[in-house]
Amino acid sequence: MKTHPFRLVLQTLALMLGFLLLSQAQSSKTIPADTIVLHGRVYTGNAKQPWAQAVAIRGAKIVAVGSDIEVERMRAEGTKIIDAAGRLVLPGFVDSHIHFMDGSLSLGRVNLEGAKDASDIQQRLREYASNHSGDGWILGRGWNYAMFGPEALPHKKYLDEIFPNRPVFLEGYDGHTYWANSKALALAGITRETPDPPNGAIVRDPKSGEATGALKESAQDLVAKMVPKPSRAEKLLALRAGIKWANEHGLTRVHSAGGDSEALDLYDELRRHGDLTLRFYIAYFLDPPRLRPQDLEAIENARKKFHDDWIDAGAVKFMVDGVVESHTAAMLEPYTDDSSLKGKLFWEPSNYKSAVSELDKRGLQFFTHAIGEYGVRTALDAYENAEEHNHTRDRRPRIEHIETIAPADIPRFGKLGIIASMQPLHSYPDSNTLNVWARNVGPDRASRAWSWKSISDAGGRLAFGSDWPVVTLNPWEGVQTAVTRQTTDGKPEAGFVPGQRLTVAQVIEGYTLGAAFAGRREKSEGSLEVGKLADLIVVSQNVLEIVPQKLADTKVLTTIVGGKLVYQLEAK
Ligand SMILES: [Zn+2]
């Protein structure tokens, strides 16, 4: 076929026009932004451009970071303007260790956080019961060991006094010990003869042998299985409230460390309704004693189905030991307050090692709960072994908590590329930490309590989180604790192991870029850079300049997730 000369000219012209349009599209400045944040003090978290004034967003992503003038060029008629009014703008915060469903459900239950003693607890329970009458279960959480004096464990008598006929079941703040009254124990069929379950203990009166109401670790399942389960609708309602609560505190992503992989379809349902305004990285909780074929199937199916920016299921959670307060954290040497106790591992080390190795081969990431120094070493050894055997690189396995550590293990985080996922507020030096935790581990181990600075100085990467509902998900209280190592009223004066204090910038990194790295998402999240997801917050004060004692007062004014405004503090 012959080509007409005129047609050739037209084709050439069309081609040239196409090039012109294409080159315009590539220069993003000429295409308007959907949203522009102006007049901010933008702390980007990007080392190449640490500060800016403005951020432009198109769709879910950041398309410009720069001065007001530069970014304003992308403003058009439909562009939404958010005036940061000179306030600090930060990357969205990530909570690297959370139990989101449990936390969300706890919002509607008795909250015992901050109670002074047993009678204060009774007062709160009476109040709750007067608003929730009937004979149904009273559920709640948040008591701590120090509330019961030197005994450091709750007793059913305090509950029986006010609720002789109504079952009461209260989770300790750490989720490792529960407290039941006589009615709840009776419904669960717990008697003097009931044996301790594996990895758990029914605390008994030394004289009568009767259960005291304190249930350690897996012993709580005996009562928990009697508690009516919340319905699907109740769970969805709770999750909506939890997500709102998280956005209000500046969280744009959470890493779930247990209790959420069973709820993946609920998160998916929220997404289908357009109600998901928080990103979820969700670990499958793998119970001991070993990795079973049905676990593998569940893990692989979840990962296949959920692996995008909003819901990602590519991780596995292990729990190798318990907690210090109830002597269930596994130590290399006996506890200082009771030399007959050392704690013990929940996993037989060789089973744990082979489960880690098998899952590592498949490219999964691990979160291992390890609080005692022996627990921490066991996790480090298993990770090292997996890397050597599988020749895997950059897997970034994580250890969660690391409350105590042997000196020789501190440099292994940096050397092996293992992430330290820690919860600053767990080190909050109140009476629970100073009188129970520190007493149990003794002065030598306490001198390395929550050694985040030593781990970081030796090249280890830090990721911070809350462990909500163990403590509040409000990250600002955690920021202050990591910086001051003091209570909000300045105790102890010299700080609790003050050598482990971090700078505000280091702590922010632990909640942003460090957390993104720990979730294997630093290429698309964690800092404010062109091409990354538009997850950012505006806060009430410049946390990089104020006195550290005021850090916890920080309020989030605006939260943007994926370019969408999901929270804005109402002006009073
Ligand atoms: Zn946890």
**Prompt:** Suppose R0 equals 30 Å; then what is the FRET efficiency for A298 and K415 from their Cβ-Cβ distance, rounded to the nearest 0.05?
**Reply:** 0.35
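Of the chain, which part is the longest with no GluC sites (Glu not before Pro) in a loop (DSSP not H, G, I, E, B) and with at most 13 other C-beta atoms within 10 angstrom? Write down the numbers at each step before the final one.
Working: sites that count: E77, E193, E493, E545, E570.
Of all site-free stretches, the longest is 194-492.
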**Request:** Determine, for segment 201-354, the count of lysine pairs separated by eight or more sequence positions (or lying on different chains) whose alpha-carbon distance falls under 19 Å.
**Result:** 10
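Would you work out the relative contact order for the chain, in percent, from Cα pairs under 8 angstrom that are 6 or more residues apart?
Values: 1214 pairs, mean separation 92.2, N = 572.
RCO, the chain: 16 percent.
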**Message:** For segment 50-191, what are Rg and Dmax over the alpha carbons, in angstrom?
**Reply:** 24.8, 74
**Request:** Place a +1 charge on the Cβ of each Lys and Arg in the chain and a -1 charge on the Cβ of each Asp and Glu, then give the dipole magnitude about the Cα centre in debye, rounded to the nearest 20.
**Result:** 1680 debye
**Total charge dipole magnitude, segment 325-389, about the Cα centre, Cβ charges on Lys, Arg, Asp, Glu only, Debye to nearest 20** = 220 debye
**For segment 293-381: rounded, prolate or oblate by the Cα gyration tensor [a/c cutoff 1.5]** = prolate
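How large is the accessible surface per residue of the chain, computed with a 1.4 Å probe and reported in Å² as a whole number?
Working: 24550 Å² over 572 residues.
I get 43 Å² per residue for the chain.
What is segment 335-449's relative contact order, in percent, from Cα pairs under 8 angstrom and six or more apart in sequence? Please report the intermediate quantities before stating the final value.
On the way: 137 pairs, mean separation 33.4, N = 115.
This gives 29 percent for segment 335-449.
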**Asked** Given 10 °C and 1.306 mPa s, how large is the Stokes-Einstein diffusion coefficient of segment 414-551 in µm²/s, with Rh as the Kirkwood radius over Cα pairs?
**Response** 100 µm²/s
**Request:** Taking a cut-off of 17 Å between Cα atoms, list the lysines near K550, but don't count ones fewer than 8 places away on the same chain.
**Result:** K491
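What relative contact order, as a whole-number percentage, does segment 54-176 give when Cα pairs under 8 Å and 6 or more residues apart are counted? It would help to have the intermediate numbers written out before the result.
Numbers: 109 pairs, mean separation 24.4, N = 123.
Worked out over segment 54-176, it gives 20 percent.
Check each of the trypsin sites (Lys or Arg not before Pro) in segment 101-137 and keep only those in coil by DSSP with at most 14 other C-beta atoms within 10 angstrom; list them in order. Could the numbers behind the result be given before it?
Details: sites: R109, K116, R124, R126; in loops: R109, K116.
Those satisfying the criteria are K116.
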**Prompt:** Probe 1.4 Å, all protein chains in place: accessible area of V94 in Å², nearest 10?
**Reply:** 10 Å²
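Starting from the residue with the highest accessible area, list K532, K523, K491 in decreasing order, probe 1.4 Å. Intermediate values should be presented prior to the final figure.
Numbers: K532 15, K523 175, K491 120 Å².
Of K532, K523, K491, the descending order of accessible area is K523, K491, K532.
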**R377, R445, ranked by accessible area, largest first (probe 1.4 Å)** = R377, R445
**Item:** Using distinct alpha-carbon pairs, which all enter the 1/r mean, Kirkwood radius of segment 180-282 in Å
**Value:** 16.4 Å
**Request:** Can you grab the distance from the C-alpha centre of segment 234-288 to the C-alpha centre of segment 34-83, Å, no decimals?
**Result:** 29 Å
**Item:** Protein-only accessible surface order, largest first, of L434, L139 at 1.4 Å
**Value:** L434, L139
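Share of the chain's accessible area from carbon and sulfur, percent, 1.4 Å?
Values: 13240 of 24550 Å².
Using a 1.4 Å probe with all protein chains present, the chain comes out at 54 percent carbon and sulfur.
Considering only DSSP states other than H, G, I, E and B, which trypsin sites (Lys or Arg not before Pro) in segment 182-226 qualify as loop sites with at most 12 other Cβ atoms within 10 Å? Please list the in-between numbers first.
Numbers: sites: K183, R192, R204, K207, K216, K225; in loops: R192, K207, K225.
For trypsin sites (Lys or Arg not before Pro) across segment 182-226 that sit outside H, G, I, E and B with at most 12 neighbouring Cβ atoms in 10 Å, the list reads R192, K207, K225.
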**Request:** Take the Cα atoms of segment 137-211, find their three principal axes, and give me the spread along each one in whole Å, biggest first.
**Result:** 29, 27, 23
**Asked** Where a ≥ b ≥ c are the square roots of the eigenvalues of the C-alpha gyration tensor, would you call segment 179-227 rounded, which needs a/c under 1.5, or, failing that, prolate if a/b is larger than b/c, or oblate?
**Response** oblate
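Name the shape class, rounded, prolate or oblate, that the alpha-carbon gyration tensor gives for segment 59-123, where a ≥ b ≥ c are the square roots of its eigenvalues, rounded holds for a/c under 1.5, and otherwise prolate holds if a/b is larger than b/c and oblate otherwise.
Values: a/c = 3.73, a/b = 2.99, b/c = 1.25.
Prolate, since a/c reaches 1.5 and a/b exceeds b/c.
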**Fill in**
In Å, the Kirkwood estimate of hydrodynamic radius for the chain over Cα pairs equals 25.3 Å
**Complete:** What helix-only [θ] at 222 nm does the chain give? Using -39500 (n - 2.57) per DSSP H run of at least 4, over all residues, to the nearest 500, the answer is -9000 deg cm²/dmol
**Item:** Nonlocal amide H pairs with R204, under 5 Å, H built at 1.01 Å
**Value:** T212
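The values are calculated or read from the model by the stated rules, or taken from the named source; none is laboratory data. Computed from a predicted model, the values in this text were never measured in an experiment. Neighbour counts are summed over all protein chains in view; Cβ atoms, including those assigned to glycine, are modelled from backbone coordinates with ideal geometry. Surface accessibility is based on the protein's heavy atoms, side chains included, excluding ligands, DNA and RNA. Shrake-Rupley method; radii C 1.70, N 1.55, O 1.52, S 1.80 Å.
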